[in-house]
Structure formats: structure tokens, C-alpha cells
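Step one of this worksheet: look at the structure below.
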Amino acid sequence: MAAPTALVWFKRDLRVRDHAPLAQAQQFECALGLVLIEPSWLRSPECDPRHVAFLLDAVAALRVDLAARGLPLLVRVGEAVPVLQALRDEFGVTHLLSHEETGPGWSYTRDLAVADWCRHQGVVWREWAQTGVVRRLRSRSGWAGRWAQRMNALEAPRVRGFKGPAGLAPEPIPDWGDLGLSAPAVQPPPAGEWVAWDTLQGFLAGRGRDYRRALSSPLTAETACSRLSAHLAFGTISMRCVHQATASTLLGTPDRDLAYGLRGFASRLRWHCHFMQKLEDQPDLEWRNLARSVDGLRPGDGVHPDPVNQALLQAWCEGRTGYPMVDACMRQLRATGWLNFRMRAMLVSFAAYHLGLHWREPGLFLARQFLDFEPGIHWSQMQMQSGTTGINTLRIYSPAKQALDHDPQGQYRRQWLPEYGSCAYPEPIVDERTALARIKLQLYGLRQQPEARAEAAAIQQQHGSRKSGLPPSPSRSRRPPVVDEAQGSLF
Ligand SMILES: Cc1cc2nc3c(=O)[nH]c(=O)nc-3n(C[C@H](O)[C@H](O)[C@H](O)COP(=O)(O)OP(=O)(O)OC[C@H]3O[C@@H](n4cnc5c(N)ncnc54)[C@H](O)[C@@H]3O)c2cc1C
């Protein structure tokens, strides 16, 4: 009988350290690694060549690190089931080892097909959690405690050496041209495990000192924020390693400013998993409003009879709305692939409240722009900033106030909008006062409906954060539950 052969399927976990499937593969007589570049991903409306370029860079680095340990890394282009079948035929794969993934609809469907294939082929598929997201979660109560337990657990054993199949020549890694993609409009920053650790260490060694003071202004956030999001999204570093390195710096540092900054950062690591958990628990939140009571509010939500206003959407996407702070943010995002939290929230709030756009189309556009696109965070935030969760405080960001608070001298706007202040700059595309008055009236009215209140209570029960990890006490208030889950004020 042939020796058991393990295939480590790398997905959003392109690293060697703290990699449970890889550690497990050391127990096998024979092991191989696989990165799949799936046409379903390339064709998906969230995917952009910048994501592919970042992934390929990370894969090149991973292949070198794995080769040093004797594990060949195959890079195959194709849908999962036919590629797995070919590898089973070629190498006699008996075990498939991977991390769990909380991805968009296409990856969920693919996982079902892979599970089915494994069952029919007698291949054992083992999956490990790599974040705080819990599969088949029954209740949100106690979630924060489980998150802390996972993050404080020992990392996966270090990998030393493999007995890979002998004489396997490395296949070339395709580039985006081979994949039929156009060149990325944004050249992404370098990827890979070493870059991720370097970024983390730079932040913990000093950059983090200014974190809380500087994260809101687009002038300072670029250097004051950790800039780990793309590394976390592609898994070139594990959430557990980031959490533990932060906790040990916090324990050891005498620097009070640094400790203050890092405490704020540490809590956001939990938010990362908190938002992903929502998509894990309710996969359709990437398509439909969490609160069905607001269906029909905006064109494009699947219920409203009118089509999306393409002229408004286009102006927003191109950064020519006539609102300088909004346009400058959009230009920065398009040019760099990154924007800080507050300015992301302002862009979405503007699309939702000023322009009256439903979040799905703007969300797809932003997903392609954000190098760190993480579906669970992204779609939850899109809904939250558009007022369609039913449970969060309605946040309407005033672009003028953001400019006053975070770019008082106009330096940022001048940097990203060369035409700002000249007659080439357009007039505001909508009248702020009229637009906000209308939508606020509609939304507050909808939220007062008894059905909306009942629905909000159910949504809070399923998705809301719990301060203590204990079940929430029954509310005596007649107001619907409103939860403030992430920073921001009016905003
Ligand atoms: C509409 C919208 C869409 C977003 N889409 C994404 C996305 O696709 N991917 C993504 O990683 N973040 C997303 N965010 C959250 C946040 O803006 C980014 O995580 C952050 O700006 C990334 O920069 P950083 O790594 O320097 O963050 P830091 O401020 O240094 O935070 C460290 C890490 O904590 C997590 N984090 C920080 N803020 C949040 C938050 N509010 N919610 C959840 N996790 C958080 C991220 O993993 C981040 O990398 C979105 C926010 C909004 C408003």
C-alpha cells in the first residue's frame, strides 16, 4: 500500500510560522504544499490585479522558505476539485490539510464541493482555525473569552524538515500576465512573512507610540497605524503571533506612550475576528441588508424599484463629487490601495447618506481598491456605515467637519486633489442638507416600527458584541438596542 501523502493547501495563510496544517504534515511519509489560483477568485467582482500581484509575491517568498525545509510548493491555476483530482492521481494524496476560511460566496461553494470530493475519494480533509472565528457558533455569549483563549494558546510547533517527493522540479510561478490580467493600477508593497514581521516589529518598537493620537487623520495615519491589514488578510503573519508579540511588548515596556498606543491597537485585533465572525455566522450579509426592515430604502438593494444612480456612483468612484475631503480620500485610496479607518467610514457614509447609494455596488468597488480586502470585516463595515445593520448607532460623517478636524490647513486635500481651489474643481454633486434630511427621516422612521425593533433585538442576539462575554441583560428600554462597536462620532 502507498505511504500516506499529505497535501498542505495554503489559502489565506501564506506563512511558515504558526501554521498548524504545516506542522501536522511533518508526521507524514511524504508531503507537498499547494497554492491554488482559482478562476472563480480571479473572475469575482471583489478581485483586482493588485491582490493577485501581492499574493504572487507572498507565494514566491513562501516557496523559498518551504524549500529550505524540504517541502515543494506547487502553484496551480484551476478550480479546486479538478486540481485536487490531478494531484491525487499524480502523487496519491491521502490527506488534505488546511486552515478554515471565512470567505465570500464563491469560496463557501468551493469548500462544499471540496468536502464532497474528499468524501467520495476517501481523502481525509482536516481543517484548523487560524483566527478567533468559531465555526458553527451557537451563541455570541462568551465569544470574547474564547477569542482570548485561542490567541493566548501556544502557537503551532515550528516546522523543521519534510520528506517531500524526491526530484520534483519547481514549476514557474505565473505572473498576472500569464493569468490574463492587466497590470495592477497600484503596485502593491512587498509581501511575504519577513515583511510582515518587519512591519509588526517596527510598529511595536516605536511607531505604535503615536497610534491613538494619529490614527484618525489621513495626514498621520499612514505611518502611525500598524499597516498589518494586508498581511493579516493574506495570512503572511498569524493573528495569534501579532496578539502575543503585542502582549509581550506591553508587559515589558517602561514607555507609557507606547503602552497607551498598543492597548488601543490590541483591542482592534479582536474587532478583526469579531467582524469576520458575523460573515461566518451569516454568509448572506455580503449581499443583503442585515436588517430586512430597511429593504427598499435605497436603489440597488434588490427591493427598491429604481436602478442605482450610475452618475452619482461614478462620480464617487472617481473622486469628483465636489466634496474635497471625500474626493481626496478616494484619490489616495485609488493611488495606494490603503486608507485609514475613519476616512473609509466617511467615504461609505457619504455614498450611503449623501448620495443615497445602497452599499453593495460601492462595496464591490472598495473591495477592489483595498489591498487588505477581508470579506467579513469589509461587508460588516459597509453595512454598519450605511445604517443597515439595525443595531448600530447611525453615523453620518460630515466631510466638512472631517476636513476641519483632520486636515485643518488643507495640506492633505492639496496633496491628493491638484485641482482643489481652482475653477477646474466641480461644484458639490448633491445638496448636503436636503439629502441628509430626507434619508434621516426615512431611516429613523423605519427604525421606530415595532417589527424593526423586534428584528433589531434578534440581530443583536446573533451578532452584537458582548461587553463581558456574558449574555446581555434584558433591556427595559423601549428603544431598539443600539451598539457602538467601533470608533467614530459625528462625525
Ligand atoms: C467600510 C470599511 C471597510 C473596511 N474593510 C476592511 C477590509 O476589507 N479589511 C480590513 O482588514 N479592514 C477593513 N476595515 C477596517 C480598517 O479600516 C482597517 O483594518 C485598517 O484601516 C487597516 O489598517 P492597519 O492595518 O494599519 O490598521 P490598525 O489600525 O493598525 O489596526 C490593526 C488591525 O486591527 C484590525 N482592525 C483595525 N480596525 C478595525 C475595524 N474597525 N474593524 C475590524 N478590524 C479592524 C485590522 O486587522 C488591522 O490590520 C474597513 C473599515 C471600513 C470602515
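For the chain, take the longest principal axis of its alpha carbons; what is the angle in degrees between that and the long axis of helix 375-386, to the nearest 10 within 0 to 90? Helix 375-386 and the main axis of the chain meet at about 10 degrees. Scanning residues 5 or more positions from residue 164 or on other chains, those with amide H under 5 Å from its amide H are 31, with H placed 1.01 Å from N in the peptide plane.
Dipole of the chain computed with +1 at Lys/Arg Cβ and -1 at Asp/Glu Cβ about the Cα centre; of 186, 148, 436, farthest Cα towards the positive end is 148.
The mean sequence separation of alpha-carbon pairs under 8 Å and at least six residues apart, normalised by the residue count of the stretch 65-154, gives a relative contact order of 26 percent.
Applied to the stretch 153-161, the Karplus parametrisation 6.51 cos²θ - 1.76 cosθ + 1.60 on θ = phi - 60° returns per-residue 3J(HN,Hα) values of 5, 4, 6, 4, x, 5, 9, 10, x Hz, with x for Gly and Pro. Atom-type composition of the exposed protein surface of the chain places 54 percent of the accessible area on carbon and sulfur (1.4 angstrom probe). Here the contact order of the stretch 219-317, divided by its residue count and restricted to Cα pairs under 8 Å and six or more residues apart, works out to 10 percent.
Counting only the Cα atoms, the stretch 5-152 fills a convex hull of 131 Å³ per residue. In this simple spin-label model, placing a label point 7 Å from the Cα along the Cα-to-Cβ direction at both residue 461 and residue 77 gives a separation of 5.0 nm.
Adding -39500 (n - 2.57) for every DSSP H run of four residues or longer, then dividing by how many residues the chain holds, sets the calculated 222 nm ellipticity at -14500 deg cm²/dmol. Equivalent-ellipsoid semi-axes for the stretch 193-280 (Cα gyration tensor, √(5λ), whole Å, largest first): 20, 15, 14.
Just so you know, the Rg over Rh for the stretch 79-212 is 1.01, from Cα atoms, with Rh as the Kirkwood radius. Gyration tensor over the Cα atoms of the stretch 345-421: the corresponding equivalent ellipsoid has semi-axes (square roots of 5 times the eigenvalues, largest first) of 24, 16, 11 Å. Distances between placed amide hydrogens fall under 5 Å for residue 125 paired with 96, all partners being 5 or more residues away or on another chain.
At full extension, residue 434 and residue 148 could sit 98.3 nm farther apart than now, given 0.36 nm per residue minus the alpha carbon distance. Computed on the stretch 5-152, with alpha-carbon pairs under 8 angstrom and 6+ residues apart, the relative contact order is 28 percent.
Distant-in-sequence amide contacts of residue 303, defined by a placed amide H-H separation under 5 Å and a gap of 5 or more residues or a different chain, comprise 296. Oblate is the label for the stretch 159-230. Its Cα gyration tensor axes, ordered a ≥ b ≥ c, give a/c of at least 1.5 and b/c at or above a/b.
The values are calculated or read from the model by the stated rules, or taken from the named source; none is laboratory data. These figures come from a predicted structure and were not determined experimentally. We place every Cβ from the backbone using ideal geometry, glycine too, and count neighbours over all the protein chains shown. SASA here: full protein model, heavy atoms, side chains in, ligands and nucleic acids out. Shrake-Rupley method; radii C 1.70, N 1.55, O 1.52, S 1.80 Å.
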